[in-house]
Amino acid sequence: MVDFAKPQDYEDIAKVWRISFSDTDSYIKQFWDSMFKPENTIVYRKQGVVVAMYFFLESQTVIKGRGYSTLYLYAAATLPKYRGRGYMAELIEKGVEIAKQRNVDFITLVPADDYLFDYYAKFGFETAFYKKSITLTRKQLFKVVKNASPSSELDMFKIRQIALAPYDFLNWNSDTLNYAMKEHLYTHGSMVSTSKGYAMYTKGKDTIYVKELCSMGSVGELFYLLLQKEDAQQFVFNFPVDFPLSTDDQKIVKVGMIKPLNDEAQKSILKMKNAYIGISLG
């Protein structure tokens, strides 16, 4: 039976999450305490026990400067013994129905694996979000650095609004951005920031992987701070596809999917080009 979650379902939901994604109990609890809303948590019950679930997170899809109401489908999972029975299909179909009742324009998601792009396409989701992955050496970064001072005064929401304004993008609200930052740091991520921008990244053996870099000023200032803080010889950046920085070996990578829920939304995605997500949970 498809249903909305209740606060007392936490242990069941945590079990589905833990088994499906191998996350720690403290990680799951942190998400639950920060983001759980009963009306945005859709579950499938078998004999009263939650065996499949996902969360809706509220956001906006910005297309040519206009924001459209959006629900981001997150952490879709089913207990292994109940997979292949169509429970997730029922949950997705119910979620679409709920979103339409709320007059939401879009549902978006980021498939956890490439094969899931085909799975979600069966429900009318279209691949629409991409990123440009660029690898730069330390020497290359030095050529474009601009001196900067670090700052802890950070308004991520404002910075993203301004930095991503030239592009179509998924626009997170302040609460979700704050949680995303908390999650990033909790999972051993790092960050550099100025008053005008930030770079969220993780560390490899000799490579820095920049999850998102946004700046209202020169990206060279963030390059400078990265070089000051880290001694890696290689840096991998994710940018919007149309970001004005390119290399010969850059890659365009598909990231996320979108499903329009009304006629106006359907027309709007015809104007959508290389939309960007950047920050996504998990």
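Here are a few things to note about the model shown:
- Residue within segment 244-251 that is within 24 Å of R102 (Cβ to Cβ) and of a type in the set (A, V, I, L, M) present: no
- K229 falls short on exactly one of the conditions (1) farther than 20 Å from Y276 by Cβ; (2) in contact with a Leu (Cβ under 8 Å, 6 or more places away or on another chain), and that condition is (2).
- Tally of residues being under 12 Å from V50 (Cα atoms) and either within 21 Å of the chain's Cα centre (by Cα) or of a type outside the set (F, W, Y) (or both) across segment 8-37: 9
- Qualifying residues in segment 240-282 (those that are in a loop (DSSP other than H, G, I, E, B) and among the small types (G, A, S)) - the one farthest from Y120 (Cα to Cα): S246
- Segment 11-28: number of residues that are free of Cβ contacts under 8 Å to residues at least 24 places away in the same chain and either surrounded by 13 or more Cβ atoms within 10 Å (Cβ to Cβ) or under 20 Å from K94 (Cβ atoms) (or both): 4
- Residue satisfying condition, being in contact (Cβ under 8 Å) with a residue 12 or more places away in the chain, of a type in the set (S, T, Y) and under 26 Å from K271 (Cα atoms), within set S215, S195: S215
- Subset tally (residues that are in a helix (DSSP H, G or I) and either of a type outside the set (K, R) or crowded, with 17+ Cβ neighbours inside 10 Å (or both)) for segment 216-236: 10
- Selection within segment 231-282 - within 23 Å of G95 (Cα to Cα), free of Cβ contacts under 8 Å to residues at least 40 places away in the same chain and among the charged types (D, E, K, R): D263, K267
- The single condition among (1) in a helix (DSSP H, G or I); (2) of a type outside the set (S, T, Y); (3) surrounded by 13 or more Cβ atoms within 10 Å (Cβ to Cβ) that L185 does not satisfy is (3).
- Residues (within 25 Å of L71 (Cβ to Cβ), within 16 Å of the chain's Cα centre (by Cα) and of a type in the set (A, V, I, L, M, F, W, C)) located in segment 143-194: M156, F157, L164, F169, L170, W172, L177, A180, M181
We did not get these values from a lab; they are worked out from the coordinates using the rules stated. Just so it is clear, the model here is predicted, and its values are computed rather than measured. Using ideal geometry, Cβ is built from the backbone for each residue, glycine included, and neighbour counts are taken over all protein chains shown.
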